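Q: Structure incoming, see below.
The values are calculated or read from the model by the stated rules, or taken from the named source; none is laboratory data. Fair warning: this is a prediction, and the values are worked out from it, not measured in the lab. Heads up, the Cβs are rebuilt from the backbone with ideal geometry, glycines too, and the neighbour counts pull from every protein chain shown. Calculation scope for accessible area: heavy atoms of the full protein, side chains included, ligands and nucleic acids excluded. Shrake-Rupley method; radii C 1.70, N 1.55, O 1.52, S 1.80 Å.
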Amino acid sequence: MTIAQAHQEFKFRLDKMDALNYPNFLPEEIDLVLNNAQQRIVKQRYGLNNNKRQSFEETEKRTEDLKNITINAVLTPLAYASDNIDLNARFLTLPTNHWFTVQERCNITCTICGSSVTNLVEVIPTSHSEFSKVIKDPFKQPTDTKVLRLMEAGRVELISSCTIVDYRMRYIMQPPTVSITTGVTFILSEHTHSEIIDQAVSIALEGIEGKRTQSFNPLINNTNE
């Protein structure tokens, strides 16, 4: 579906509900609600904010919904910086379109019995509040089979007892902003486009009527997917 078709479909579906003579929406306003709807759909499909309490990849449909924005990346660590949290920590810059991390692994090289061994190991997400405890715990601190990971604005910080070769991740990218002016349309799977428009109509009615609780009813049944 092109963005022009999405605008037409939005107007048509809103008109079908126009018992209260709702005002006409400007093109940029339609773009805004379509983008808000697209983001809401992605968050519903990725997380557990839905009636069935099913998250990403729990059903074939949810996998298909997000397959076009599920991306792989291999990141190279930056040189040691004075603001690294530990001498064995290294920053890696996240892709600019990164939104939600799906899976992650780290390639490290360790010296074992005098020989260098490279392994793909587990990445353990760690909060800043827990880091001081974890790094001192012999059962939780980094080893040759795992690294710790902290999140920072636009970056990850890996802490390893070995040399970090690269960081391999699979993530949900933030969908491009659709626009009737630039012609940018949805990149989500085709079958989600109608659901996005239904969601956009719901958001539009929220703004018009000011009845936010009613409009989540249940988000035009998208949460039942």
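Q: Check each of the chymotrypsin sites (Phe, Trp or Tyr not before Pro) in the stretch 130-205 and keep only those in coil by DSSP with at most 14 other C-beta atoms within 10 angstrom; list them in order.
A: Those that pass, being in a loop and sparsely packed, are Phe139.
Q: With all protein chains present and a 1.4 Å probe, how do Ile124, Ile30 order by accessible area, largest first?
A: Ile124, Ile30
Q: How far, in nm, would the chain grow between Asn68 and Lys136 when pulled straight, counting 0.36 nm per residue and subtracting the alpha carbon separation?
A: 20.4 nm
Q: Starting at the first residue of the stretch 98-103, write each ³J(HN,Hα) from the Karplus equation 6.51 cos²θ - 1.76 cosθ + 1.60 with θ = phi - 60°, in whole Hz, x for Gly and Pro.
A: Calculated HN-Hα couplings, in order: 5, 10, 10, 7, 9, 8 Hz.
Q: Same structure again: Describe numerically, in nm with one decimal, the distance between label points set 7 Å from Cα along Cα→Cβ at Val117 and at Arg170.
A: Inter-label distance under the simple model: 2.7 nm.
Q: Once you keep just the Cα pairs under 8 angstrom separated by 6 or more residues, what percentage relative contact order results for the stretch 99-142?
A: Relative CO of the stretch 99-142 lands at 26 percent.
Q: Based on the Cβ-Cβ distance of Thr2 and Phe100, what FRET efficiency does E = 1/(1 + (r/R0)^6) give at R0 = 22 Å, to the nearest 0.05?
A: The value I calculate is 0.25.
Q: Starting from the stretch 128-179, pick out the trypsin sites (Lys or Arg not before Pro) whose DSSP state is loop and whose Cβ has at most 13 other Cβ atoms within 10 Å.
A: Lys136
Q: Convert each backbone phi in the stretch 135-148 into a coupling constant with the Karplus relation 6.51 cos²θ - 1.76 cosθ + 1.60 (shift: θ = phi - 60°), then list the ³J(HN,Hα) values in order as whole Hz, x for Gly and Pro.
A: Values per residue, Gly and Pro as x: 5, 9, 8, x, 8, 10, 5, x, 9, 7, 10, 7, 10, 9 Hz.
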